[in-house]
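Novice: Attaching a single structure in structure tokens format; questions to follow.
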Amino acid sequence: MNRILACAAEELEDGEAMTVAGDHEAIAVYKVDGEFYATSDVCTHEKWSLGEEGDLDGFEVTCTLHNARFDVRDGKALCFPATVNLRRYATTVEDGKVYVLAGDHE
Ligand code: FES
């Protein structure tokens, strides 16, 4: 399993997101209530970055291009126009650093 260093844990505030480079695709990392979640970064409707351009509210990220929403906990597409789920990645925090487990996606 490949671990990707995303950021220092204090780099993201609750309700914030960022995009990191993965091995095969860009990955969005979100912080909600002190926990970190990660999904594929690109909206499954068209190409739009959720980590950089998305609007995170609780566990839902809204794509700001056409307002599709996804659950960051499992990547589920919650409303039209997105019908395909995001890939979801596991995360772990060690020594104050956030890692995405890139081999562990669904
Ligand atoms: S690109 Fe995200 S909703 Fe259209």
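Yes/no per residue for (1) farther than 16 Å from GLU25 by Cα; (2) of a type outside the set (Lys, Arg):
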residue: LEU50; (1), (2): no, yes
residue: THR64; (1), (2): yes, yes
residue: PHE70; (1), (2): yes, yes
residue: PHE80; (1), (2): yes, yes
residue: TYR89; (1), (2): no, yes
residue: GLU94; (1), (2): yes, yes
residue: LYS97; (1), (2): yes, no
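Novice: Got a sec? Which of VAL93, VAL100, VAL42 is away from the ligand (no atom under 16 Å from the Cβ) and either open to solvent by 80 Å² or more (accessible area, probe 1.4 Å) or within 12 Å of the chain's Cα centre (by Cα) (or both)? Reasoning before the result, please.
Specialist: Working: VAL93 fails: either open to solvent by 80 Å² or more (accessible area, probe 1.4 Å) or within 12 Å of the chain's Cα centre (by Cα) (or both); VAL42 fails: away from the ligand (no atom under 16 Å from the Cβ).
Exactly one residue qualifies, and that residue is VAL100.
Novice: Of all residues in the range 22-39, which are open to solvent by less than 40 Å² (accessible area, probe 1.4 Å) and at pLDDT below 95?
Specialist: Selection gives GLY22 alone.
Novice: Condition first: in a strand (DSSP E or B) and either surrounded by fewer than 17 Cβ atoms within 10 Å (Cβ to Cβ) or without any contact (Cβ under 8 Å) to a residue 24 or more places away in the chain (or both). Now tell me which residues in the range 49-89 satisfy that.
Specialist: Within the range 49-89, ASP55, ASP57, GLU60, THR62, ARG69, ASP71 qualify.
The values are calculated or read from the model by the stated rules, or taken from the named source; none is laboratory data. All values reported here derive from a predicted model rather than from experimental measurement. Here Cβ is always computed from backbone atoms with ideal geometry, including for glycine, and neighbour counts include all displayed protein chains. Side chains are part of the model used for accessible areas, which takes the heavy atoms of the whole protein and leaves out ligands, DNA and RNA. Shrake-Rupley method; radii C 1.70, N 1.55, O 1.52, S 1.80 Å.
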